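*Asks:* For reference, the structure I am asking about is given below.
The values are calculated or read from the model by the stated rules, or taken from the named source; none is laboratory data. Just so it is clear, the model here is predicted, and its values are computed rather than measured. Backbone-built Cβ (ideal geometry, glycine too); neighbour counts: all protein chains shown.
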Amino acid sequence: MFKTIKLPRVTLRLITHKHGAALLTILNNPFVYEFNDYKTPLNKQHIKQLIQDDISSYYQGEGVRLAIEHNISGDLIGTCGLYNINSQTQSAYLGFELDPFYWQQGLMQEVLKGFVSEVHSSINIEHLYAEIHGKNVRCYNLLTKLGFVFNPQLNSGVWHKQLTKMSPV
């Protein structure tokens, strides 16, 4: 079971249907969906199914999506998670999105450091991948700061980070 992660400015907890309205707003924001792989515009039913799929994926050990809640307001400001978890190859893909109001504040870096550290200590993952749109400079810079390396031998836009016992982030 995944435990709640309390960070200095935000708390990460498993996504639930109560996060639906805020997630709908975030994913339909043009600055967010520009680089996302969701077909927009999304509606309430899409979000309800997306969250239900995330919950099912979690219980099947295939993925996890965490709500990023602001510690002062309690509002959902984004999500992060793992998908395509593969126990045989000890690998997973990292996904994340953040409300643009909170961009340029170092929040996602704080979130991903805390999240990856927890993943490293609690799940048997050695290879973490992130697939980003080629023009998403903010994600490029963020992943570089977190120690991910672009690997042109992998599919287009895929970054890799090997987690070791000594240095998770």
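*Asks:* Name the residue that is surrounded by the fewest Cβ atoms within 10 Å (Cβ to Cβ), counting only residues in the stretch 52-69 that are of a type in the set (Val, Ile, Thr) and closer than 25 Å to residue 136 by Cα.
*Replies:* Here the answer is 64.
*Asks:* Same structure, new question: Residue by residue through the stretch 30-41, note down the ones that are among the polar types (S, T, N, Q) and out of contact with any Asp or Glu (no Cβ under 7 Å at 6 or more places or on another chain).
*Replies:* If the condition is that a residue be among the polar types (S, T, N, Q) and out of contact with any Asp or Glu (no Cβ under 7 Å at 6 or more places or on another chain), then 40 is the only one that fits.
*Asks:* Out of 75, 54, 99, which single residue is closer than 20 Å to residue 111 by Cβ, among the charged types (D, E, K, R) and over 15 Å from the mean Cα position of the chain (by Cα)?
*Replies:* 75
*Asks:* Right, something else. Given the criteria more than 17 Å from residue 101 (Cβ to Cβ), among the aliphatic types (A, V, I, L, M), modelled with pLDDT under 95 and buried (at least 16 other Cβ atoms within 10 Å of the Cβ), does residue 42 qualify?
*Replies:* So residue 42 passes the test.
*Asks:* Answer yes if at least one residue in the stretch 102-114 is in contact (Cβ under 8 Å) with a residue 12 or more places away in the chain and either more than 21 Å from residue 2 (Cβ to Cβ) or surrounded by fewer than 14 Cβ atoms within 10 Å (Cβ to Cβ) (or both), and no otherwise.
*Replies:* Within the stretch 102-114 (the criterion being in contact (Cβ under 8 Å) with a residue 12 or more places away in the chain and either more than 21 Å from residue 2 (Cβ to Cβ) or surrounded by fewer than 14 Cβ atoms within 10 Å (Cβ to Cβ) (or both)), the answer is yes, since at least one residue qualifies.
*Asks:* Go through 112, 143 for me and flag whichever is closer than 15 Å to residue 159 by Cα, assigned to a helix (DSSP H, G or I) and at pLDDT 95 or above. Quick ask: steps written out before the conclusion?
*Replies:* Working: 143 fails: at pLDDT 95 or above.
One residue alone meets the criteria, 112.
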